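Accompanying notes for the structure given below.
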Amino acid sequence: MTMKTTETQAVWCNKHEATKILGVSDSTLKKLRLTNQLMEGIHWTRFSSRCVRYNVELLKDWAANRTHTANHDQAIANYFSSLPSGQPQPRRKHAKKAS
């Protein structure tokens, strides 16, 4: 039995893979992070004090839409809405009060 999943799982990469995706050097990647062109919590995250990982899907979109920020902003919104935390919560039924 196969199951289809509608949830998007983020694929994370290290700085070496990120530099290949973007076609930039290690120092340029760091500069993009430090100048908030790549935003923490969106394009990259810090898993520990020495472990930074990059979101592959959003890096590719950022590279393709560098001059079209509205398009990239939409991709970010779509990504966050696809996460389980971005899904609407089921409404709970309230118990009827006994009269």
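Just so you know, all these numbers are worked out from the coordinates, no wet-lab data involved. Quantities reported herein were computed from a predicted structural model and do not represent experimental measurements. All Cβ positions, even for glycine, are placed from backbone atoms using ideal geometry, and neighbour counts span all protein chains on display.
Using only side-chain charges placed at the Cβ, +1 for Lys and Arg and -1 for Asp and Glu, the dipole size of the stretch 20-86 relative to its Cα centre rounds to 320 debye. Between C51 and K20, full extension at 0.36 nm per residue minus the direct alpha carbon distance yields a gain of 9.4 nm.
Can you give the direction-averaged projected area of the convex hull of the alpha-carbon atoms in the stretch 23-76, in nm²?
Value for the stretch 23-76: 3.8 nm².
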